[in-house]
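Chemist: Can you keep this structure in mind? I'll have questions shortly.
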Amino acid sequence: MAKFASLIFDLDGTLSDSVPMILRSSQATHERMGLPWSEEAAKKYIGRPMYETAAQFAPGREEEYRTIFAEYNMVYMPKMIRPFAGVPSLLAKLQEAEVPMCIVTSRLQWGADWSVEILNIKDYFTKVFGVEASEKHKPDPDPALLALAEMDRAEQAAQSAFVGDAPVDIACGKAAGMQAIGVGWGVGSKEALLEAGADYYVEDVNALGRLLLL
């Protein structure tokens, strides 16, 4: 039995163990463009749309930054990303419990679609929403509202939950009237996730399963 009427998941750092791949792509992009790079600064922009990242790190060269970053993603994604341990089995259990699920990610749609194919989790989700799906993105509620409508759960937002590893995920879910679950294996600290308004915080996938499945 499921606790929530529907679920929206973030992708990178929540379902996909892809942060090392993102950081490697980021570092390679900065080196190629002659830009300074630090892991701490790069991590702060994981979960944000690429146009924001490019504007922050390469003002005036945003298109070049996005193009080069995408090139490195295409090289590293098949080699480096994998689902977090326990995620596929949890998704299977949620599907068996007939919980409708969507993904809302700041990745471009091609990258989101390719990621779920590599991870072999596509069939668990009603739809995957990339950054192009809405004019505004996380932390704004728009993509979450689109996902709720896609799952026919617009009237059950308060009984639904957004699961993510970054404060922008929590903010997006809360702004859409949902409950929010912060996970402890991505980029966001427990303190940052709770400060953003998380209703729940879980340290590992097993704990998430116990929360989602009664």
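FYI, it's all coordinate maths here, none of it is from the lab. This one's a predicted model, so the numbers in the text were calculated from it and none came from an experiment. Every residue, glycine among them, receives a Cβ derived from its backbone with ideal geometry; neighbour counts consider all protein chains shown.
Chemist: Pop a pseudo-label 7 angstrom from the Cα along the beta-carbon direction at both residue 211 and residue 52 and give the gap in nm to one decimal.
Modeler: Going by the 7 Å Cα→Cβ label model, 2.1 nm.
Chemist: Quick one: what are the phi-derived ³J(HN,Hα) couplings along segment 98-105, Karplus 6.51/-1.76/1.60 with θ = phi - 60°, whole Hz, x for glycine and proline?
Modeler: 6, 8, x, 9, 10, 10, 10, 9
Chemist: Report the calculated FRET efficiency for residue 85 and residue 154 (r = Cβ-Cβ distance, R0 = 35 Å), to the nearest 0.05.
Modeler: 0.55
Chemist: Which is farthest toward the positive dipole end of segment 19-80 among 80, 35, 47, measuring Cα position about the Cα centre, with Cβ charges +1 (Lys, Arg) and -1 (Asp, Glu)?
Modeler: The residue sitting most towards the positive pole is 80.
Chemist: Another one. Put +1 on the Cβ of every Lys and Arg and -1 on every Asp and Glu Cβ in the chain; which of 129, 208, 102 then has its Cα farthest towards the positive end of the dipole?
Modeler: My answer, from the dipole projection, is 208.
Chemist: While we're looking at this one, here's another question. Given R₀ = 25 Å, what would the calculated FRET efficiency be for residue 113 paired with residue 140, taking r from the Cβ atoms and rounding to 0.05?
Modeler: 0.65
Chemist: Given Cβ point charges of +1 (Lys, Arg) and -1 (Asp, Glu) and nothing else, what value in debye, to the nearest 20, does the dipole of the chain about its Cα centre take?
Modeler: Here the chain has a charge dipole of around 280 debye.
Chemist: Same structure again: Which residue fluctuates the most in the chain, going by a Gaussian network model with Cα springs under 10 Å, if the choices are 97, 161, 175?
Modeler: 97
Chemist: Next question, about the same structure. Within the set 44/174; 93/190; 127/174; 43/138, which residue pairs have Cα atoms separated by over 22 Å?
Modeler: In this structure, 93/190 lie more than 22 Å apart at Cα.
Chemist: Still on this model: Highest GNM mean-square fluctuation, the chain, Cα pairs closer than 10 Å: which of 100, 78, 143?
Modeler: Highest fluctuation among the options: 78.
Chemist: Full extension from residue 39 to residue 203: what is 0.36 nm times the residue separation minus their Cα-Cα distance, to one decimal in nm?
Modeler: 56.8 nm
Chemist: Something else now. With no solvent and one equal point scatterer placed on each C-alpha of segment 19-80, evaluate the Debye formula and give log10 I(q)/I(0) for q = 0.20, 0.23, 0.24, 0.28 Å⁻¹, two decimals.
Modeler: -0.68, -0.92, -1.01, -1.40
Chemist: Please give the charge dipole size of segment 19-80, origin at the Cα centre, charges +1 on K and R Cβ atoms and -1 on D and E Cβ atoms. Round to the nearest 20 debye.
Modeler: 180 debye
Chemist: Now for a separate question. How many percent of DSSP beta bridges within the chain run antiparallel, rounded to 5?
Modeler: Of those bridges, close to 10 percent are antiparallel.
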